[in-house]
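Visitor: For reference, the structure I am asking about is given below.
Here, each number is a calculation from the coordinates, and none is a lab measurement. What you see is a predicted model, and the numbers here were worked out from it, not measured in a lab. Cβ coordinates were reconstructed from backbone atoms using ideal geometry, including for glycine residues, and neighbour counts include every protein chain displayed.
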Amino acid sequence: MRPTHELSAGYGTTVEGMTTRTLHGPGELIAAIPTLLGYDPLESVLVIGLGSDGGLEAALRLDRACAAGQVGVEDLRDALIAGLDAAPIERVILVSWTTEDVSLTCPAMERMREIIDPLCDVADGWATNGVGYWSPGCADRECCPRGGRELPWIPDALPGAVTRVAAPPLHIHREPASRDIAALTGRAPSQRRRNAQRAAQRWERRRDNGRDQWCRDSWTHVLASGAAPAGDATWGKVIAGLRDVRVRDAVIVHWLGAPPVVIADVLDGRVTEGVHKVMDAALRPGEGPVPDPDAIVEALEWCAQLARMVRGHDHAVPQALTAILYWWAGDAVECRRWASEALVSDGTYTLAMLLRDMCDAGLQPGWRSDRIVP
C-alpha cells in the first residue's frame, strides 16, 4: 500500500544526453502524470510544482480521503512546506484523479488549495478520471464539456528526461510603437487574484438574469478598469465579462474607434451594418482609420494589467487581445507568438487560432499597403 503522501523532486534537473520534453496545456500535463510517477495515481490529489521557467520541479501525491478529512493535516502541511522549500517552485497546479463525480466541486482539491495558497501560488486546478479532464465548477461547456475533454495521447518519456510545462508569459516584452511600455511584469499578489476570481464567479452567475443587460453592465466595468486604478472586484467583473465573446468583441471594436451605437449593437449580439463596417476596416484597405500607436500602447498596458489578475485558462483572453494589437501594429512575429501563448492557455480559443492562421498566411491589416508578406 502506498503512503498517504509522497514527495519526489528533481524532475527539473538537467540529465546529460536526455531530451527536454515540453508539455502544452493541462491535458498533456495530466496525461503525462502516470509516466512521471511510474504508476496511475488513482483516487489521489497531485500537487505539481513548477519552476520559473516551467520546469517540473516536484510532485506530491496525497490520498483524496486524507486530503478531504482531518487526519494528518499537520503532517501534510509540514511535508508541503518542506517540499516547496526544497525545490525552486514558482507555482503549483493541482490535479484531482478520481472516478467520483467532481464536476461541480472537489472538496479534497479545494482543501489542498487552502493549505497551499499561503505557501505558494496555485495557478490552476483540474480533475481527471484518466480518460477526460475538466475544471470542477466550470459552467462553460465549450471549455469543459460533460465528461471533460479527452486526454491526449502522450508517448512514454525517456527515463530521467527533463520535462517542462509551457507557462504563459504575463508581461509585454516589447511594443511596436516608438516608445517603451512601462513594464508590468509578474503577477498580482495571490490574495488579490483570489479576490478577483471570487468576484468573477459571483458576477458570472448574474448573467442568468439576462445576458444583454449583463453584457452592458460588464462593459461599464471594462471602461472603469481602463479609466483609473481598479480594485479586485472590478477586475473580477472584467474577467467574467471577457469570457463572453460579446464583451470581448466590444473591446476590439472600441479599440477600432467604433461609436457607442455600434458597441451597443455588439453587446446586444446584433450583427448590424455598422458592426460589419467597423470589423471590415481591419481587413479591407481604405475602410477605416489607422489605429494610433499611442492608443495601441495604452491598450497593451491594459492587457498587461489584466494578465496580472487572471488565473488558469483566462490567460488566453489578454494574450489573444495582445496578439491582435501587435497584428494591427504590423508585427506578425509578436502577434503569432502571443496567439500561440493563448493557445497554450486554452487550446480551443478561436480568436487565437484565427490570428495564428492569419500570420501564417501572411495576411496584414487593411490599412497596410503590403498586406501579403512574401
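Visitor: Counting other C-beta atoms within 10 Å, which of MET358, MET309, MET353 has the fewest, and how do the rest follow?
Guide: MET353, MET358, MET309
Visitor: Ranked from highest to lowest mean number of other Cβ atoms within 10 Å per residue, what is the order of the peptides 194-204, 96-106?
Guide: 194-204, 96-106
Visitor: Per-residue HN-Hα couplings for segment 238-255, Karplus 6.51 cos²θ - 1.76 cosθ + 1.60 at θ = phi - 60°, whole Hz, x for Gly and Pro?
Guide: Those phi angles translate into 5, 4, 5, x, 6, 5, 8, 4, 5, 5, 4, 5, 5, 4, 5, 5, 4, 4 Hz.
Visitor: How high is the FRET efficiency between VAL245 and TRP153 when r is their beta carbon distance and R₀ equals 30 Å, given to the nearest 0.05?
Guide: Working: r = 31 Å, r/R0 = 1.02.
Plugging the Cβ-Cβ distance into 1/(1 + (r/R0)^6) gives 0.45.
Visitor: Would you order CYS303, CYS120, CYS143 from fewest to most other beta-carbon atoms within 10 Å of each residue's own beta-carbon?
Guide: The most exposed by this proxy come first: CYS143, CYS120, CYS303.
Visitor: Long-range amide H contacts for GLY132: which residues qualify at under 5 Å (H placed 1.01 Å from N, peptide plane, sequence gap of 5 or more or a different chain)?
Guide: Distant-sequence amide H within range of GLY132: LEU151.
Visitor: Given points 7 Å out from each Cα along the Cα-Cβ axis, report the GLN201 to THR348 separation in nanometres with one decimal.
Guide: That separation, rounded to one decimal, is 2.0 nm.
Visitor: How high is the FRET efficiency between LEU37 and GLU100 when r is their beta carbon distance and R₀ equals 30 Å, given to the nearest 0.05?
Guide: E between LEU37 and GLU100, to the nearest 0.05, is 0.90.
Visitor: Give me D for segment 250-366 in µm² s⁻¹, whole number, from Stokes-Einstein with Rh from the Kirkwood sum over alpha-carbon pairs, 37 °C and 0.692 mPa s. Write down the numbers at each step before the final one.
Guide: Working: Rh = 14.6 Å.
D = 225 µm²/s.
Visitor: Continuing with the same structure: Mind running the shape call on segment 184-339? Use the C-alpha gyration tensor, a ≥ b ≥ c as the square roots of the eigenvalues: rounded below 1.5 for a/c, prolate if a/b tops b/c, oblate otherwise.
Guide: oblate
Visitor: Listing ILE93, ILE324 from the residue with the fewest other Cβ atoms within 10 Å to the one with the most, what is the order?
Guide: ILE93, ILE324
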